[in-house]
Amino acid sequence: MKAKWIFSALVPQDWVVISNEDEHEAALFGATDISTEMKDYATFFNEDTNKLSNSKVFIFKESPRISPYIYAICAGPYGFHQRNEEGFPNMRIYARRSLLDSVSYDEMFIVT
C-alpha cells in the first residue's frame, strides 16, 4: 500500500521546510520511489532534472480537513531553538541561520 501525503517540497540541501503537519520519514517511502516521482514531476513541468542531485525532499503527513488558508508552508535557510518541558509539546522558534544568534528565544518561549 502506497503511503499518502498532501505536500512534498524539493529544496536545496541546506534548507528547512516547516509545515502544520509532521514530516514523514523519507525512509518510509524509499529513496528510489521519491527520486523517480520527483523526476517525473520535473519532467512534467519542463524542469532540469539535474537540479535534483543537490536537493532533498520533505514529505508531510496528510492533514485533517481544514480550510486551505490555514495550512502553512515555510521554506528557507532556517535554524531553530527548541524547548522541551515535561507536560508541554516541544516548542521551536525558527529564524534565518544568519540571525539565529540574535534571537531572544528565552523571552519568546515565556511569552508564547
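The values are calculated or read from the model by the stated rules, or taken from the named source; none is laboratory data. The model shown is predicted, which means the values in this text are computed figures rather than measured ones. Counting neighbours? That spans all protein chains shown, and the Cβs are built from the backbone with ideal geometry, glycine included.
For the range 1-41, the tally of residues that are assigned to a loop (DSSP other than H, G, I, E, B), loosely packed, with under 14 Cβ neighbours inside 10 Å and modelled with pLDDT under 70 stands at 7. One residue stands out among those in the range 69-112 that are assigned to a helix (DSSP H, G or I) and hydrophobic (A, V, I, L, M, F, W, C): the one that is nearest to the chain's Cα centre (by Cα), which is I70.
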